[in-house]
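The values are calculated or read from the model by the stated rules, or taken from the named source; none is laboratory data. This structure is a prediction, so every number in the text was calculated from the model and none was measured. For neighbour counting, all protein chains shown are included, and Cβ atoms are generated from backbone atoms with ideal geometry for every residue, glycine included.
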Amino acid sequence: MLGKTIGIDFGSASTIMYVEGKGIVLDEPTMIAIDTETDIPIAIGNAAYTINGRTDDTISVVSPVKNGIISDYTNAEHILRYYFQRLCGNSIFKPNVILTVPSSATNLDKRTFLDVAMHAGAGRVCLVEESLASALGLGMESNTFSGQFIVNMGAGAVDVAVVTMGSLAVAKSLKVGGKSIDAAIQRYLRKERDILIGSQTAERLKICLGSAVPRKEEIAIMVGGKSSLDNMPISFEVTSTELFTCIRSQLDLIVGGIKSVLEITPPELVGDISENGIVITGGTSLLYGLKTLLESETGIEAHLAADPMYSCVSGAAAMVKDVDYLAQNGYAFKTLQELS
C-alpha cells in the first residue's frame with residue numbers, strides 16, 4: 001500500500017498513534033482548545049491539556065470523544081488532521097489508518113469514525129474492535145480456539161469481550177471508566193464538603209488515593225480547590241477511605257457489566273476463561289486493588305497486562321505489520337469514495 005500505515009487508539013482521554021517502521025510516535029490527551037469567538041483551534045493535545053481550567057470564557061477546552069464514541073465531529077476532525085499533518089508532512093500519499101473502536105459501537109458510530117478519519121486526511125481506514133486489538137497487542141494467538149476474556153478499561157468506557165479464533169464471541173461496552181470516576185470524586189467533594197475542584201485535580205486524587213478495595217493503611221494528601229460557599233481558595237486533606245467510598249458506585253457498575261458478559265457467554269468458553277483467567281488492560285486497570293476486586297467478585301483469577309496503557313494500539317500495530325490478518329478475518333480498508 002502506498003503511503004504510511006498508522007495504527008490509532010483514539011480514546012476519550014488520549015490519542016495514541018503507531019507508525020509502521022517507527023513504533024509509537026504519539027501519545028497526547030484527546031483535547032482541543034477553541035477560540036469561542038472565531039471557532040478556530042488554538043491548542044491541541046498536550047498544549048490544550050495544560051491550559052484546561054486555566055482560561056477565560058473566550059477559550060473553550062473540549063474532549064470530542066465521550067464514552068469511547070465521537071461526540072464532536074468537527075473538533076475530532078481538527079485533532080486527527082493536525083496529527084496526520086504532523087506525522088506525514090507534505091507526503092503526496094495519504095496515510096492508511098487502522099482505527100480502534102468500542103466493541104459495541106453502532107453502525108452510526110462506526111460511520112462517524114470513518115468519516116472523521118477520512119475528512120481529516122486518511123486515504124483508507126479500517127475499523128477494528130478495541131478488545132480484539134487489545135488481545136492481539138497482548139500477544140494472544142489469533143487462531144486459538146481457547147476463549148480469552150479481555151477487559152479493556154479506558155477513560156470513557158470499559159470494553160468487555162470474549163475473544164476466540166481471532167474474533168469476538170461476546171462483547172459489551174460499558175459507559176463508565178476513568179473519567180466517570182473522576183466526576184464521582186468531584187461530585188462527592190462538592191456535595192459532602194462544599195469544595196469545588198477541577199478535572200485534573202480529581203484525576204490526581206484518583207491516581208494517588210483511589211482504590212477498588214480498602215487499603216490496609218490509610219493515606220492522605222493535601223490538595224487545593226475553592227469553597228463553594230464563598231468561592232475562596234482552600235487547601236484541604238483527602239483520605240484514601242473517602243476516595244474508596246465515593247468511587248465504589250462506579251466500580252460496582254464495572255463489576256456488574258463484567259458479570260453480565262460472563263452470564264451470556266457459552267459454557268465451553270466460560271470453562272476456558274476459568275482456566276485462562278481475566279486479562280485487564282487500559283489506563284483505569286492501574287487503579288489500586290482492581291485485580292483483587294475482580295477476583296473476589298467473579299471467582300476467576302485476574303491478570304494485569306504488562307503494558308496496559310498501550311495494549312490496544314499495540315494490537316493495531318500488529319495488524320499494521322500483518323495486513324493479511326485483516327482480510328482473513330473479514331476486516332477491510334474503506335475509501336472516501338466507497339462511503340459516498
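Going by the structure shown, is Arg86 under 27 Å from Val151 (Cα atoms), surrounded by fewer than 19 Cβ atoms within 10 Å (Cβ to Cβ), of a type in the set (D, E, K, R) and not assigned by TED's automatic domain parsing to the domain that holds Leu196? The answer is no for Arg86. Note on the stretch 18-40: residues that are in contact with an Asp or Glu (Cβ under 8 Å, 6 or more places away or on another chain) and of a type outside the set (Ser, Thr, Tyr) total 0. Considering only residues in the stretch 298-333 that are surrounded by fewer than 17 Cβ atoms within 10 Å (Cβ to Cβ) and either closer than 28 Å to Pro214 by Cβ or at pLDDT 85 or above (or both), the one that is farthest from the chain's Cα centre (by Cα) turns out to be Gly299. Number of residues in the stretch 82-112 that are of a type outside the set (Ser, Thr, Tyr) and touching a Ser or Thr at 6+ places or on another chain (Cβ under 9 Å) equals 6. Restricting the stretch 8-29 to residues that are in a loop (DSSP other than H, G, I, E, B) and in contact (Cβ under 8 Å) with a residue 12 or more places away in the chain, which is nearest to Lys110 (Cα to Cα)? Applying the filter and picking the extreme gives Gly11. Screening the candidates Ser91, Ser104 for the property of being outside the structural domain of Ala161 (by TED's automatic domain parsing), under 30 Å from Ala169 (Cβ atoms) and either polar (S, T, N, Q) or surrounded by fewer than 21 Cβ atoms within 10 Å (Cβ to Cβ) (or both) yields one hit, Ser104. Considering Ser285, Ser249, the condition of being hydroxyl-bearing (Ser, Thr, Tyr) and over 25 Å from Val313 (Cβ atoms) is satisfied by Ser249 alone.
Restricting the first member to the stretch 59-81 and to residues that are free of Cβ contacts under 8 Å to residues at least 24 places away in the same chain, and the second to residues that are in a loop (DSSP other than H, G, I, E, B) and small (Gly, Ala, Ser), the beta-carbon pairs closer than 9 Å and six or more apart or on different chains are Ser71/Ser63; Asp72/Ser63. When residues in the stretch 201-224 are screened for being in contact with a Gly (Cβ under 9 Å, 6 or more places away or on another chain) and loosely packed, with under 14 Cβ neighbours inside 10 Å, 1 of them pass. Can you confirm whether the stretch 271-285 contains a residue that is on the phi > 0 side of the Ramachandran plot and touching a residue at least 12 places away in the same chain (Cβ under 8 Å)? Yes, that holds for at least one residue.
Would you say Ser314 is in a helix (DSSP H, G or I) and touching a residue at least 60 places away in the same chain (Cβ under 8 Å)? In short, yes. With respect to the conditions (1) crowded, with 16+ Cβ neighbours inside 10 Å; (2) at pLDDT below 95, Glu37 falls short on a single one, namely (1).
Check every one of the helices (runs of 4 or more DSSP H) wholly within the stretch 180-296 and list those with 1 or more residues that are at pLDDT below 95, touching a strand residue (DSSP E or B) at 6+ places or on another chain (Cβ under 7 Å) and closer than 26 Å to Thr164 by Cβ. Step through it out loud before you land on a result.
Details: elements: 199-209, 240-263, 267-276.
In the stretch 180-296, 267-276 are the helices (runs of 4 or more DSSP H) which contain 1 or more residues that are at pLDDT below 95, touching a strand residue (DSSP E or B) at 6+ places or on another chain (Cβ under 7 Å) and closer than 26 Å to Thr164 by Cβ.
Might you check whether a residue that is in contact with a Pro (Cβ under 7 Å, 6 or more places away or on another chain), assigned by TED's automatic domain parsing to the domain that holds Ala184 and in contact (Cβ under 8 Å) with a residue 24 or more places away in the chain occurs anywhere in the stretch 243-263? Looking through the stretch 243-263, at least one residue is in contact with a Pro (Cβ under 7 Å, 6 or more places away or on another chain), assigned by TED's automatic domain parsing to the domain that holds Ala184 and in contact (Cβ under 8 Å) with a residue 24 or more places away in the chain. Taking first residues from the stretch 30-50 that are of a type in the set (D, E, K, R) and partners that are in a loop (DSSP other than H, G, I, E, B), the Cβ contacts under 7 Å between residues at least 6 apart in sequence or on separate chains come to Asp35/Thr58; Glu37/Thr58.
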